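Asks: The structure under discussion is supplied below as structure tokens; questions concerning it will follow.
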Amino acid sequence: MNAAVKTHRATIFEETARILAREAFDGAQYLLRLAAPECAAAARAGSFVHLQCHPLRPLRRPISILRTDPKAGWIEILFKAVGEGTRLLAAREIGANLQLLGPIGTPFRFSAERPRPLLIGGGIGMPPMIFIAQTLKDDPSYQPFAILGSEVPFPFRSKPAQHLLPGMPDGVIGAMPLLEDWGIPSRLTSTQGYPGCFEGYVTQLAEHWLNALSAEETNQVAVYACGPHPMLEAVAKLARRFDLPCQVSLEEFMACGVGGCAGCVVPVETAQGPAMKRVCVDGPVFDARAVF
């Protein structure tokens with residue numbers, strides 16, 4: 001085992017997590033609250049966990065952390081049941097134990113020079129954006145705004161937005177209740193005609209907002225995104241067009257999840273030239289210009 005792997009593993013905990021709560025939503029989406037005190041205490045926005053979904057399926061699945069409560073010792077995850085492993089995970093009952101590795105990965109980075117974070121989450125890429133919002137909600141120096149998109153029903157009941165925002169088309173009032181409760185403005189997008197949602201893509205609504213800002217306000221924006229690869233590529237192009245810093249959290253298939261197998265490598269541009277980086281421990285958060 002090389003030194004880099006040992007260093008990463010020193011910050012990752014293996015716990016027997018217990019399911020404290022379970023919610024099912026349309027579109028085969030599930031929310032689990034897990035008792036995992038060591039992971040909850042160390043997790044940062046952008047971290048994920050590597051879960052054994054069922055004792056009969058030893059190969060773990062990487063799942064982003066939605067939010068944490070370090071004092072109570074729990075984390076929440078949101079995932080979509082798309083294969084055998086996640087379908088088995090979705091069927092686990094409250095009180096069941098899961099083997100968990102986490103928190104894993106490099107977190108998002110924030111800068112006081114960019115106090116207007118634009119958070120863009122698509123589908124199961126929404127959780128890292130919620131975690132960023134939780135991280136920044138009590139810091140008055142930041143003014144985050146979240147744009148969340150989904151092509152299946154959202155895993156929450158949207159509510160009318162309480163925060164006015166520049167550039168929002170008429171009727172775009174759908175917001176995420178949790179973010180509203182935290183005092184963070186949000187808007188929802190979809191091409192499925194859901195009430196209150198922007199009819200289109202997250203990048204299109206982001207462009208409406210950015211075009212309505214002054215030059216001074218635009219210079220305060222930094223973009224953060226997680227979602228499907230085509231969405232991230234479109235977000236990266238939008239950020240380049242507005243000359244904005246952009247960090248993306250990549251979604252890749254993983255085997256070990258701790259940097260040992262190199263099964264999740266992606267090409268990344270570095271100061272020393274092109275390199276292959278592991279999404280699990282070198283990421284999942286990367287500078288968008290380096291990967292797109």
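The values are calculated or read from the model by the stated rules, or taken from the named source; none is laboratory data. Bear in mind the structure is a predicted one, so any value in this text is a computation, not a measurement. Counting neighbours? That spans all protein chains shown, and the Cβs are built from the backbone with ideal geometry, glycine included.
Asks: Given the criteria of a type outside the set (Ser, Thr, Tyr) and either touching a residue at least 40 places away in the same chain (Cβ under 8 Å) or under 17 Å from Cys226 (Cβ atoms) (or both), does Pro160 qualify?
Replies: For Pro160, the condition - of a type outside the set (Ser, Thr, Tyr) and either touching a residue at least 40 places away in the same chain (Cβ under 8 Å) or under 17 Å from Cys226 (Cβ atoms) (or both) - is not met.
Asks: Identify, please: which residue in segment 91-108 is more than 18 Å from Tyr30 (Cβ to Cβ) and among the β-branched types (Val, Ile, Thr) and is, among those, surrounded by the most Cβ atoms within 10 Å (Cβ to Cβ)?
Replies: Filtering first and then ranking leaves Ile104.
So that you can scan it fast, the table gives a plain yes or no per residue for (1) of a type in the set (S, T, N, Q); (2) in contact (Cβ under 8 Å) with a residue 40 or more places away in the chain; (3) touching a helix residue (DSSP H, G or I) at 6+ places or on another chain (Cβ under 6 Å):
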residue: Ser64; (1), (2), (3): yes, yes, yes
residue: Asp69; (1), (2), (3): no, no, no
residue: Glu76; (1), (2), (3): no, yes, no
residue: Lys80; (1), (2), (3): no, yes, yes
residue: Ala90; (1), (2), (3): no, yes, no
residue: Gly95; (1), (2), (3): no, yes, no
residue: Gly102; (1), (2), (3): no, yes, yes
residue: Ala112; (1), (2), (3): no, no, no
residue: Ile124; (1), (2), (3): no, yes, no
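Asks: Of these, Arg18, Arg61, Arg22, Arg44, which one is closer than 19 Å to Val285 by Cα, at pLDDT 95 or above and not polar (S, T, N, Q)?
Replies: Arg44
Asks: Anything in segment 195-209 that is crowded, with 18+ Cβ neighbours inside 10 Å and without any contact (Cβ under 8 Å) to a residue 60 or more places away in the chain? List them, or say none.
Replies: Within segment 195-209, Cys197, Phe198, Tyr201, Leu205, His208 qualify.
Asks: State the number of residues belonging to segment 132-151 that are surrounded by 14 or more Cβ atoms within 10 Å (Cβ to Cβ), part of a loop (DSSP other than H, G, I, E, B) and out of contact with any helix residue (DSSP H, G or I) (no Cβ under 8 Å at 6 or more places or on another chain).
Replies: Of the residues in that region, 2 qualify.
Asks: Turning to a different aspect of this structure: Would it be correct to say that Ala234 is free of Cβ contacts under 8 Å to residues at least 24 places away in the same chain, crowded, with 16+ Cβ neighbours inside 10 Å, closer than 17 Å to Gly125 by Cα and within 19 Å of the chain's Cα centre (by Cα)?
Replies: For Ala234, the condition - free of Cβ contacts under 8 Å to residues at least 24 places away in the same chain, crowded, with 16+ Cβ neighbours inside 10 Å, closer than 17 Å to Gly125 by Cα and within 19 Å of the chain's Cα centre (by Cα) - is not met.
Asks: I'm trying to understand the selection: among the residues of segment 207-231, which are within 17 Å of Glu113 (Cα to Cα) and part of a helix (DSSP H, G or I)?
Replies: Across segment 207-231, the qualifying residues are Ala215, Glu216, Glu217, Thr218.
Asks: Continuing with the same structure: Looking for whichever is within 17 Å of Pro245 (Cβ to Cβ) and touching a Lys or Arg at 6+ places or on another chain (Cβ under 9 Å) here; the options are Ala222, Ala215. Which one fits?
Replies: It is Ala222.
Asks: I'd like to check something: does segment 263-272 contain any residue that is in contact with a strand residue (DSSP E or B) (Cβ under 8 Å, 6 or more places away or on another chain), under 26 Å from Ala161 (Cα atoms), part of a strand (DSSP E or B) and in contact (Cβ under 8 Å) with a residue 24 or more places away in the chain?
Replies: no
Asks: Of these, Cys246, Cys280, which one is in contact with a Lys or Arg (Cβ under 9 Å, 6 or more places away or on another chain), in contact (Cβ under 8 Å) with a residue 12 or more places away in the chain and either over 29 Å from Pro103 (Cβ atoms) or buried (at least 16 other Cβ atoms within 10 Å of the Cβ) (or both)?
Replies: Cys246
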